[in-house]
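Engineer: Quick one: the structure is below, questions incoming.
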Amino acid sequence: MELYNKILEASSFIKSKLPLLPKKAVILGTGLGSLVDELTNSTSISYSAIPHFVTNTVDSHYGKLHLGDIDGAPVIMLQGRFHYYEGYSMEEVTFPIRVLAQLGIEELIITNASGSLDPEIKTGDIVALNDHISLFGQNPLRGITDSRLGDRFPDMTHTYDKPILDSVIKIAKEANINLREGVYIYVEGPSLETPAEHRLLRQAGADIVGMSTVPEVIVAKQCALKVCVLSCVTNECLSEEGPKETSLEEVIQAANSAAPKLQLLISKLILE
Ligand code: HPA
């Protein structure tokens, strides 16, 4: 079946299950799934029920779409995402983004966990992306020629929406949250990077590194969505004491500890 028809099937199914369709959606990354607890009047749909959605293979992610509201403002939250390292195709990884756009979402807030490459960005900090680098992986638009899906060659100059970025910086300042702006570099994973790779990524101009988000952002740009990405720093890749090992447990624990800060930023962004 053509990708366009798959998108229509999935979005029609979701529409048939939800009482209303909001303009904003949030994708919750590693260790951040508990942000759905903020929602009131919520309805959820399991990914396994949605046509053409795949299901997650990583325990720290859940597979549900939630609709609910935060202080009266409606929002869709995707609790759990698909990663290329799980073995899915780029089409599968980014399918939910195309479905969200078809549902009428205009603004997408993406969260993730990342490792810091900047000695001044510490574990527990939140970084709002102002750009990304994606030179080592497959492009999710490869082979897509259907103009109903958007531009074949989307310009990536203004990918991270400046008004939303300015809003989140202001919200963080008012709430005394130490929010940084930065550049995220995408790696495929699932193995973490070597110390030599960390030095290279830093020299390439990146502030943080992670295994998700960028394929979603590229597709979101093709779908003309406004994008904001908030990254929770879960480990320091270039610490002064020299190379240090990182485990999934450490990443999840650090993301869980930073979740309340992200919760506050996201709740306020939804209300804007
Ligand atoms: N590298 C890649 N992905 C990550 C990291 C990291 O250090 N931390 C969290 N996600």
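Engineer: At S34 and A204, where each label point lies 7 Å from the Cα along Cα→Cβ, what is the point-to-point distance in nanometres?
Structural biologist: So the label points at S34 and A204 sit 3.3 nm apart.
Engineer: Round to a whole angstrom and tell me the spacing of the C-alpha centers of the stretch 233-251 and the stretch 1-27.
Structural biologist: Answer, in whole Å: 38.
Engineer: Among the lysines, select those whose C-alpha is under 18 Å from the C-alpha of K17, and discard any that sit fewer than 8 residues away in the same chain.
Structural biologist: The reachable lysines, counting only those whose Cα sits under 18 Å from K17, are K6, K64.
Engineer: Still on this model: Report, in degrees rounded to the nearest 10, the 0 to 90 angle that the Cα long axis of helix 248-271 makes with the longest principal axis of the chain.
Structural biologist: Here the helix axis deviates by roughly 60 degrees.
Engineer: Taking only the alpha carbons of the chain, what extent do you get along each of the three principal axes, in Å, biggest first?
Structural biologist: Sorted from largest, the Cα extents of the chain read 55, 42, 34 Å.
Engineer: Quick one: angle between helix 3-17 and the longest Cα principal axis of the chain, in degrees between 0 and 90, rounded to 10, please.
Structural biologist: 80
Engineer: Same structure, new question: Could you tell me what percent of the DSSP beta bridges with both partners in the chain are antiparallel, to the nearest 5? Mind showing how you got there, number by number?
Structural biologist: Values: 17 of 46 bridges.
DSSP beta bridges in the chain are roughly 35 percent antiparallel.
Engineer: Angle check, please: helix 90-102 long axis (alpha carbons) against the longest principal axis of the chain (alpha carbons), in degrees 0 to 90, nearest 10.
Structural biologist: 60
Engineer: Around H52, what is the net charge, scoring Lys/Arg as +1 and Asp/Glu as -1 over all other residues with Cβ under 13 Å from its Cβ? List each step's numbers first, then the result.
Structural biologist: Numbers: positive: K6, R98; negative: E2, E9, E91, E92.
Overall, the nearby charge balance is -2.
Engineer: Shifting gears a bit: Can you list residues whose amide H is under 5 Å from F82's amide H, if they're 5+ apart or on another chain and H is modeled 1.01 Å from N?
Structural biologist: For F82, whose amide H was placed from the backbone, there are no distant partners under 5 Å.
Engineer: Explain nothing, just the number: dipole magnitude of the stretch 3-271 about its Cα centre with +1 on each Lys and Arg Cβ and -1 on each Asp and Glu Cβ, in debye rounded to the nearest 20.
Structural biologist: The dipole magnitude comes to about 900 debye.
Engineer: Show C228, C223 ordered by accessible area, largest first, where the area counts protein heavy atoms only and the probe is 1.4 Å.
Structural biologist: Details: C228 5, C223 30 Å².
So, going from the largest accessible area down, we get C223, C228.
Engineer: Rule-of-thumb check for the stretch 1-113: C-alpha Rg over 2.2 N^0.38 Å?
Structural biologist: Values: Rg = 13.1 Å, N = 113, 2.2 N^0.38 = 13.3 Å.
That works out to 0.99 for the stretch 1-113.
Engineer: May I pose another question? Could you derive backbone 3J(HN,Hα) for the stretch 218-231 from the dihedral phi with the Karplus parameters 6.51, -1.76 and 1.60 (θ = phi - 60°), listing whole Hz in sequence and x where the residue is Gly or Pro?
Structural biologist: Per-residue couplings from phi come out as 4, 5, 4, 5, 4, 7, 6, 7, 7, 10, 10, 10, 10, 10 Hz.
Engineer: With a 1.4 Å probe and all protein chains in place, put K221, K17 in order of accessible area, largest first.
Structural biologist: K17, K221
Engineer: Same structure, new question: Beyond 20 Å between alpha-carbons counts as too far, so tell me which of K173/K226; K122/K268; K226/K261; K122/K261 fall in that bin. Please report the intermediate quantities before stating the final value.
Structural biologist: Values: K173/K226 22 Å; K122/K268 24 Å; K226/K261 22 Å; K122/K261 15 Å.
Violating the 20 Å Cα-Cα cut-off are K173/K226; K122/K268; K226/K261.
Engineer: Further question on the same structure: What FRET efficiency would be calculated for the residue pair D69, D161, taking the C-beta separation as r and a Förster radius of 22 Å, to the nearest 0.05? Present the calculation step by step, with values, prior to reporting the outcome.
Structural biologist: Working: r = 22 Å, r/R0 = 1.00.
Efficiency, rounded to the nearest 0.05: 0.50.
Engineer: Can you give the relative contact order of the chain as a percent, counting alpha carbon pairs under 8 Å and 6+ residues apart?
Structural biologist: 26
Engineer: Cut-off 10 angstrom, C-alpha nodes, Gaussian network model of the chain. Which of H83, H158, H198 fluctuates the most?
Structural biologist: Among H83, H158, H198, the largest mean-square fluctuation in the Gaussian network model of the chain belongs to H158.
The values are calculated or read from the model by the stated rules, or taken from the named source; none is laboratory data. A quick note: this is a predicted structure, and the numbers were derived from the prediction, not measured. Neighbour counts are summed over all protein chains in view; Cβ atoms, including those assigned to glycine, are modelled from backbone coordinates with ideal geometry. When the accessible area is computed, the model is the full protein with side chains, heavy atoms only, and any ligands, DNA or RNA have been set aside. Shrake-Rupley method; radii C 1.70, N 1.55, O 1.52, S 1.80 Å.
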